[in-house]
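Report on the following structure.
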Amino acid sequence: MKGNKTTGAILLACSLLIAFIAGKEFKKMREPEPIVKGEGVTQVKMLSEYFPDIKGTNMDTEIYVLKGKEEGGSTLILGGTHGNEPSGLLSAVLFIENAKVDKGTVYVIPRTNNSGYTHNDPQEGSPQRFTIKTKDGDRWFRYGSRATNPLDQWPDPDVYIHASSGQQLSGNETRNINRAYPGRPDGTSTEKAAYAIVQLIKNEKIDMTIDLHEASPEYPVINAIVAHDRAMGIASNTVMNLEFEDVAIGLEPSPVSLRGLTHRELGDFTDTYAILMETANPAQGRLRGRTNEALVVTGVDPTYVKAQKLGRLFVPFDEKGHPLDERVSRHVGSVVELIKVMGENEPEKEIIIENVPTILEIRENGIGNYLNKVTNN
């Protein structure tokens, strides 16, 4: 009996120690990565300014405003819709820390679903963060989840019914903000955040909204632009221009029957040109090998090389993989081209933006060369 009590006490102490350590690690997920305001940032607002109900919650998030001295068009860049798609976050950060706008206004949200960055997807073995080497040392960034944290919205229904269309989806999609648009003021936490973004677009009369995403190499819509009907003219010209720069990119029309996504609902419920972009992220795929920081940053995975040889992928995949530098370069270059084309098609919506690294510069020099020094962290 004495031995059993001693063993039990030891096991209990070990359990408490493990719980304490794990708890500290989980709590760290609430710490956002530092973002350094570049010279072009003229204002930082909160999303709750457009819908006060989310103020003080994890659905509230920063909006970086880059306003030129001359009036012109406006563009909203949505990074971090899904926390496990890091090129969206990093592309937004590169605009925040580098871009200068001479004409028009660019709004950048680096963490569109801020709650998604406070946890990981369960049973995926994902890293909590990853680092980028810069000339001033390492910068770390959060690797989050595709969905709102269950602590911020629970429980999931058995079936998620999209409010405005009645479309039925898996219950956990209720926490996917890219299935929640146009949102509801009296809906779930995720729907409220989507509603706030719609109010931002309406109140600021955003001409074009660009949602930055990643997809697994075995997903058909990859290295592509998905555009709403009204945005197809801008998107098609952009695709042709990028092809001239040897950037292979597909063009997909927004499916009318697929509801809740930015490229459909924002185009239907607001006057914005709604566009979504995808790059290839092997850390998301079902065929991936070990899921660690190296996979997130380098995009190198031998199992995907094998899958390519078997004809299972929708994007070329060799031993070089699809590194984060490449994926960010595609997003940043495409955003710049979309903005340029909109201004050429409609001069009153022109935006003149400078000091943004080109596709070639990002690929040759790396993301870290364009990240600013963190001084107060």
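Data table
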read-out: Protection-proxy order for peptides 305-318, 253-266, 350-363, each taking the mean of Cβ atoms within 10 Å per residue, highest first; value: 253-266, 350-363, 305-318
read-out: Counting DSSP beta bridges with both ends in the stretch 115-256, the antiparallel % (nearest 5); value: 70
read-out: Calculated FRET value between D246 and R184, using beta carbons and R₀ = 41 Å, to 0.05; value: 0.40
read-out: Equivalent ellipsoid dimensions for the stretch 149-237 as semi-axes, Å, which come from the Cα gyration tensor, largest first; value: 25, 19, 12
read-out: D (Stokes-Einstein, µm²/s), Kirkwood Cα radius, the stretch 221-298, 1.306 mPa s at 10 °C; value: 113
read-out: Solvent-accessible area, 1.4 Å probe, carbon plus sulfur percent, for the chain; value: 53
read-out: GNM top mover of N120, N237, N365 - the chain, alpha-carbon springs below 10 Å; value: N365
read-out: Partners for K320 among lysines (Cα-Cα distance below 16 Å; same-chain residues under 8 apart left out); value: K306, K309
read-out: DSSP bridge orientation in the stretch 1-144 - percent antiparallel, rounded to nearest 5; value: 70
read-out: Average silhouette area of the chain, convex hull of alpha-carbon atoms, in square nanometres; value: 21.7
read-out: The stretch 195-229 versus the stretch 50-66: alpha-carbon centroid distance in Å; value: 19
read-out: Value of Rg to Rh for the stretch 256-360 (Rh from inverse mean 1/r over Cα pairs, i.e. Kirkwood); value: 1.07
read-out: Where a label projected 7 Å from the Cα of K55 along Cα→Cβ would reach, residues of the stretch 193-230 with amide N under 17 Å; value: 193, 196-197, 199-200
read-out: J(HN,Hα) series, the stretch 290-298, from Karplus relation 6.51 cos²θ - 1.76 cosθ + 1.60, nearest Hz, glycine and proline x; value: 4, 9, 9, 4, 4, 5, 4, 7, 7
read-out: Highest-fluctuation residue, M29, M208, M277 considered, GNM on the chain with Cα pairs under 10 Å; value: M29
read-out: For the chain, share of DSSP beta bridges that run antiparallel, in % to the nearest 5; value: 50
read-out: The stretch 143-192 and the stretch 68-129: distance between their alpha carbon centers, rounded to Å; value: 20
read-out: Solvent exposure of the chain as accessible area per residue, Å², 1.4 Å probe; value: 45
read-out: Size-normalised alpha-carbon gyration radius of the stretch 16-58, reference 2.2 N^0.38 Å; value: 1.79
read-out: Gain on full stretching of the segment that runs from E124 to T303 - 0.36 nm per residue minus C-alpha separation; value: 62.8 nm
read-out: GNM result for the chain, Cα springs below 10 Å: residue of D158, D53, D325 fluctuating most strongly; value: D158
read-out: Ranked packing of 171-177, 66-72, most packed first, by mean Cβ within 10 Å; value: 171-177, 66-72
read-out: Burial ranking of peptide ranges 110-119, 130-139, 6-15 (average Cβ count within 10 Å, highest at the top); value: 110-119, 130-139, 6-15
read-out: Kyte-Doolittle mean at least -1.0 and Cα axial length at least 27 Å: DSSP H helices in the chain; value: 2-28, 324-345
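The values are calculated or read from the model by the stated rules, or taken from the named source; none is laboratory data. Just so you know, these numbers come straight off a predicted model, no measurement behind them. Positions of Cβ are backbone-derived with ideal geometry, glycine not excepted, and every protein chain shown enters the neighbour counts. For accessibility, only protein heavy atoms count, side chains too; no ligands or nucleic acids. Shrake-Rupley method; radii C 1.70, N 1.55, O 1.52, S 1.80 Å.
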